[in-house]
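The values are calculated or read from the model by the stated rules, or taken from the named source; none is laboratory data. Bear in mind that the values here come from a model prediction, so they are computed numbers and not experimental data. Cβ coordinates were reconstructed from backbone atoms using ideal geometry, including for glycine residues, and neighbour counts include every protein chain displayed. Note: accessible area is taken over every heavy atom of the protein model, side chains too, but ligands, DNA and RNA are not part of it. Shrake-Rupley method; radii C 1.70, N 1.55, O 1.52, S 1.80 Å.
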Amino acid sequence: MLKVENLHVYYGGIHALKGIDISVEKGEIVTIIGANGAGKSTLLNTISGLVRSREGRIIFKGSLLRPVPHHIVMKGICQVPEGRLVFANLTVKDNLLLGAYLRKDKKGIKKDLEKVYELFPRLAERQKQLAGTLSGGEQQMLAMGRGLMSDPELMLLDEPSLGLAPILVDTIFAVIQDIKKIGKTILLVEQNAYKALSTADRAYVLEQGKIVKAGKAADLIEDPTIQESYLGQKAEAGDRKSEVGF
Amino acid sequence: MIQFLQQMINGLSIGSVYALMAVGYSLVYSIMNFSNFAHGGIIMLGAYFGFFFLTLFNWPFAVAFLGAAICAAALAVLVERVAYKPLRMRNAPFLYFIISAMGASMFIENFVIATIGPTFKTYPAVFSREPFRLGPLFIGRLDTMMFVISAICLAALIYFIDFTKMGKAIQATAFNPRASALMGINTDLIVITVFAIGGFLAGIAGVLFGMKYTVYPQIGFITIKSFIAAVFGGLGSLPGAVIGSVILGILETLISGYFSSQFRDLISFSLLIIILVFRPIGLMGKSTEEKA
Ligand SMILES: Nc1ncnc2c1ncn2[C@@H]1O[C@H](COP(=O)(O)OP(=O)(O)OP(=O)(O)O)[C@@H](O)[C@H]1O
Ligand SMILES: [Mg+2]
């Protein structure tokens, strides 16, 4: 579905991505794990058209992606950015409707809005509240719901668990599974390697702008070098509850 | 008391035109975080367009009025394309935008001086100078029209921003352009829209001021007042710009009424300095924070 070939990205003199090759197939959850500054967000932002590449190609459903953010959303790729970036000055409902900005099918939008409220009952209760007044976890849910409102085929999630309490992290990862079940393909960037690898089908390890390892998530989680560098403080495998209080 | 009421009415009428100009500053500021000093030039051009449409082309007043607004909108967009877009594409620091804005402003003013000339032009009398009488109060026809037209435009603008999809997209872009691009919002189109709206209202304000006073190349200087009003209300906030403008308009007429008009500008500029020192974000400035 998505193919990234030999991608090079520079910020001025900084060579942030040094020839990245990855692919994502329909229906998969693929994760990219890597330390701070490895280039994970840069990769997602390049796919979304926010950052230009100097070399390489990004192919989505067989055709080359033009690096223009709104065209890319139209093609069916949406990004839930790092730090959520919800529109704090607008209500929860307005945030969600902005997610559907490019859609014209009123009925479909209404149906998807209900679906999002089903997935995140918290948001339904807070429809009229300003997004800036939500808690961090609720803002993450809003950001994901807003992304879903564009009815994407591929969702790019940038560190959805960042800064959340462990119990909320579990909720978020459970929702990621739910999103897969409704037929979305997911490219997930995470620092919480244990959680990401237990959720994903396949994984890539990104170090200093290069993919250093790739494989089935289930295999990588057993890999001794990965365990050493990324799973050092092996997190508790909390059982997933689909709905928890915050 | 009668005199006070009279001054309030005049102040309201002037203030409402300041508001038309101030919202243009505020809209651009909310999206691009810089004060578009070329705005004054657009107001001046609007005043000239209206003048020539009435005198050279003999267009009916309403047509000339609308024509001036549309031309001003087109020119505001042109200024954005030429002077700011190249900077936006390069993510230039905001100082560059200010310098570019000042350059554009000087260009427009000198272009008009060179082509049309520096002389004052007087609008033809579109309607009688005879004021309405409301008991002991005299209400100028032009003042009434200034207030009514401004109020209608401002109400339409606030409706557009608060209740339409495009308006919400403008608010989203004001809050975070990257995030709105990720929603599929064409942020370049948002910038064009904002300049077009600001220019349209500037054109209307230009014609109204041209009719009230006269038209000359430096008439755009009046926008400094609306800029003060926008800062006073809180740059980036539309209600702030409107409230700030009305307060400034009333304050000015009261001062010229009770003291002298010599003090008027002194007081507006002192107000600017006081606001900048004690409350830089203004009455209703944007102070939205994001939670981690
Ligand atoms: N706008 C920018 N200008 C200059 N350098 C940048 C910019 N954005 C990122 N970088 C640099 O590019 C490299 C990759 O950054 P990136 O944000 O992609 O990392 P990341 O893997 O997402 O890290 P994190 O886990 O902290 O989010 C870093 O060295 C960073 O300092
Ligand atoms: Mg990152």
| Of the residues in the range B:88-98, how many are part of a helix (DSSP H, G or I) and surrounded by fewer than 14 Cβ atoms within 10 Å (Cβ to Cβ)? | 3
| field | Residue in the range A:154-162 that is surrounded by fewer than 24 Cβ atoms within 10 Å (Cβ to Cβ) and in a helix (DSSP H, G or I) present | value | no
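Applying the selection to the range A:23-68, what residues are within 16 Å of ligand 2 (Cβ to nearest atom) and assigned to a strand (DSSP E or B)?
A:THR31, A:ILE32, A:ILE33
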| Does B:SER237 fit the bill of being among the small types (Gly, Ala, Ser) and over 24 Å from B:ALA156 (Cα atoms)? | no
| request: Please tell me if B:MET183 is hydrophobic (A, V, I, L, M, F, W, C) and within 14 Å of chain A (Cβ to nearest Cβ). | output: yes
| In the range A:121-137, what residues are more than 8 Å from every other protein chain (Cβ to nearest Cβ) and open to solvent by 10 Å² or more (accessible area, probe 1.4 Å)? | A:PRO121, A:ARG122, A:ALA124, A:GLU125, A:ARG126, A:GLN127, A:LYS128, A:GLN129, A:LEU130, A:THR133
| field | Residue list for the range B:143-187, restricted to those being in a helix (DSSP H, G or I), among the hydroxyl-bearing types (Ser, Thr, Tyr) and either open to solvent by less than 40 Å² (accessible area, probe 1.4 Å) or touching a residue at least 12 places away in the same chain (Cβ under 8 Å) (or both) | value | B:THR144, B:SER150, B:THR173, B:SER180, B:THR187
| query | Could we say that B:ILE222 is touching a residue at least 24 places away in the same chain (Cβ under 8 Å), assigned to a helix (DSSP H, G or I), more than 14 Å from chain A (Cβ to nearest Cβ) and open to solvent by 10 Å² or more (accessible area, probe 1.4 Å) here? | reply | yes
| task | Scan (1) touching a residue at least 12 places away in the same chain (Cβ under 8 Å); (2) surrounded by fewer than 23 Cβ atoms within 10 Å (Cβ to Cβ) for the single condition A:GLY34 breaks and write down its number. | result | (2)
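If you go through the range A:184-214, how many residues are assigned to a loop (DSSP other than H, G, I, E, B) and within 16 Å of ligand 2 (Cβ to nearest atom)?
Residues that pass the stated criteria total 4.
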| field | Residues of the range A:142-188 satisfying the condition of being hydrophobic (A, V, I, L, M, F, W, C), under 12 Å from A:THR31 (Cβ atoms) and within 16 Å of ligand 1 (Cβ to nearest atom) | value | A:LEU156, A:LEU157, A:LEU187, A:LEU188
| message | Looking at the range A:80-98, I want the residues that are of a type outside the set (D, E, K, R) and in a strand (DSSP E or B) and have a partner that is within 16 Å of ligand 1 (Cβ to nearest atom) and modelled with pLDDT of 95 or more with Cβ atoms under 6 Å, at least 6 apart or on another chain. Which pairs are those? | response | A:VAL80/A:ALA143; A:VAL80/A:LEU157
| Which of (1) under 18 Å from the mean Cα position of the chain (by Cα); (2) near ligand 1 (Cβ under 10 Å from one of its atoms); (3) within 14 Å of chain B (Cβ to nearest Cβ) is the odd one out, the single condition A:LEU43 does not satisfy? | (3)
| What about B:ILE190, is it within 14 Å of chain A (Cβ to nearest Cβ), part of a loop (DSSP other than H, G, I, E, B) and open to solvent by less than 50 Å² (accessible area, probe 1.4 Å)? | no
| message | From the list A:ARG66, A:ARG52, exactly one residue is free of Cβ contacts under 8 Å to residues at least 24 places away in the same chain, more than 11 Å from ligand 1 (Cβ to nearest atom) and out of contact with any Ser or Thr (no Cβ under 6 Å at 6 or more places or on another chain). Which is it? | response | A:ARG66
| Would you pick out the residues in the range B:114-127 that are more than 16 Å from B:PHE209 (Cβ to Cβ) and surrounded by 14 or more Cβ atoms within 10 Å (Cβ to Cβ)? | B:ILE116
